[in-house]
Amino acid sequence: MPASRQIVHHASEAIISADLANTIITANPAAATLFGTSVEQMLGSQLDRYIEPPGEVPGDAPDGPTDFFGAGSGRAGRRATDYAVTGLRANGHRFPLEGSISRAGGSAPYYTVIMRDVSDRQRVQEKLSRSHDQLRQLSAALQTIREEERTHIARELHDDLGQILASLRMDLNLLQQTDGTPADSLHLMHGMEQNLLTAITSLRRIASNLRPRALDEGGLYFALQGLRDDFVERYGIPCTLLADEAELRLDDAASTAIFRIVQEALTNIARHAEAASVTMNLFRLNGDLLVTIRDDGVGIRPEDMEKAESLGLIGMRERVWAMRGEISISSEAPSGTRIDIVLPLVGHLVS
């Protein structure tokens, strides 16, 4: 075997040659593996058995190998000899190929094609495209949520605290102007005290809605306990929290992220799961925090996890990825949904 043919034979990339009649005259083992066949089967076959001519019109046969790699199918920004085409495996499966074609031979010209399967690259590109679309959706939704929260807070401050403060001012004016008995003054001061207590309660409620006090006062463990208790009281769904306070002594960034992840998971369960019970398990293992949230509801469908409008799931993933963690969401047998999260704790531990 000539040296050049030995190089082609042992090359890791798929290489075939075809004459002007589109007949395959040489093929190496890598090409046979790529198309799921053998070298013997490829030799003498027509090129369109393995490469689909771009824009082919039925009954209109390609004039030569270059018709399979027309300039119209080239990838922008690639070399002029690199083209994206569609490969055809022996079992009929279509897959994306990137091929480079060159002419050789003098009086009996033929064309040599070097091909690469770009299926993995295409899947990655599609996944990145979906991810970018989801991030745009999430960004737009966050802007809307931020404005809604501002409107809600402004309304509560005006309708609640604003009215109480206005009432206090009126009582203070009356107290300054009264010529009545000490009993009248005591009555006014008692009303002012009640208004002050109401204002303090409202302020604490508004602040707690923005950020749970337990995170700052007691840490993640007690914040999760409060979240669990509120979930049970609001939705009537039994919820078990399995965790050790000592294992959840984390810094503010990690504590807030984990709290919001669990909060979003419970919100999704309340809205969609139709569950009768929930279990949350948080424990440390080999420097990681493992979080498992399970319910016995209807279970999540694979297509639901890829919906652009599933902003809760997208938000959970983004918080996990921001901590360089991993998240897995799957359906349980016989019913329910399971969320498994692994979060590295390097740099987040608090003594």
Of all residues in the stretch 220-250 being surrounded by 14 or more Cβ atoms within 10 Å (Cβ to Cβ) and among the charged types (D, E, K, R), the one that is modelled with the lowest pLDDT = Asp230
Look at the stretch 86-122 and say how many of its residues are in a strand (DSSP E or B), among the aliphatic types (A, V, I, L, M) and surrounded by 14 or more Cβ atoms within 10 Å (Cβ to Cβ).
-> 6
Please work out which residue is modelled with the highest pLDDT, limiting yourself to the stretch 148-183 and to residues that are acidic (Asp, Glu) and either surrounded by 13 or more Cβ atoms within 10 Å (Cβ to Cβ) or touching a strand residue (DSSP E or B) at 6+ places or on another chain (Cβ under 7 Å) (or both).
-> Asp171
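So is Gly297 outside any strand (DSSP E or B), assigned by TED's automatic domain parsing to the domain that holds Gly219 and farther than 22 Å from Ser129 by Cα or not? Lay out the reasoning, then the answer.
Details: outside any strand (DSSP E or B): yes; assigned by TED's automatic domain parsing to the domain that holds Gly219: yes; farther than 22 Å from Ser129 by Cα: yes.
Taking the combined requirement at face value, the residue satisfies it.
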Scope the stretch 323-350; condition assigned to a strand (DSSP E or B), of a type in the set (A, V, I, L, M) and either within 20 Å of Val298 (Cβ to Cβ) or without any contact (Cβ under 8 Å) to a residue 60 or more places away in the chain (or both); matching residues | Ile327, Ile329, Ile339, Val342
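With the structure loaded, tell me whether Gln137 is surrounded by fewer than 16 Cβ atoms within 10 Å (Cβ to Cβ) and either outside the structural domain of Ala18 (by TED's automatic domain parsing) or more than 49 Å from the chain's Cα centre (by Cα) (or both) or whether it fails that test.
So Gln137 does not fit the description; no.
Could you go through the stretch 68-75 and let me know if any residue there is at pLDDT below 85 and either closer than 15 Å to Ala18 by Cβ or not assigned by TED's automatic domain parsing to the domain that holds Thr23 (or both).
The answer is yes, given that some residue of the stretch 68-75 is at pLDDT below 85 and either closer than 15 Å to Ala18 by Cβ or not assigned by TED's automatic domain parsing to the domain that holds Thr23 (or both).
Let's see how each residue does on (1) part of a loop (DSSP other than H, G, I, E, B); (2) more than 15 Å from Phe68 (Cβ to Cβ); (3) in contact with a Gly (Cβ under 7 Å, 6 or more places away or on another chain); (4) in contact (Cβ under 8 Å) with a residue 24 or more places away in the chain:
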{"site": "Val8", "(1), (2), (3), (4)": "no, yes, no, no"}
{"site": "Ser12", "(1), (2), (3), (4)": "yes, yes, no, no"}
{"site": "Ser17", "(1), (2), (3), (4)": "no, no, no, yes"}
{"site": "Ala30", "(1), (2), (3), (4)": "no, yes, no, no"}
{"site": "Thr33", "(1), (2), (3), (4)": "no, yes, no, no"}
{"site": "Gly36", "(1), (2), (3), (4)": "yes, yes, no, yes"}
{"site": "Glu40", "(1), (2), (3), (4)": "no, yes, no, no"}
{"site": "Gly44", "(1), (2), (3), (4)": "yes, yes, no, no"}
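Regarding Leu197, is this residue at pLDDT below 90 and exposed (fewer than 15 other Cβ atoms within 10 Å of the Cβ)?
Here the answer is yes, as Leu197 does meet what is asked.
The values are calculated or read from the model by the stated rules, or taken from the named source; none is laboratory data. Keep in mind that this is a model prediction, so the values were computed, not measured. Methodologically, a virtual Cβ is constructed for each residue, glycine included, from the backbone with ideal geometry; neighbour enumeration extends over all protein chains shown.
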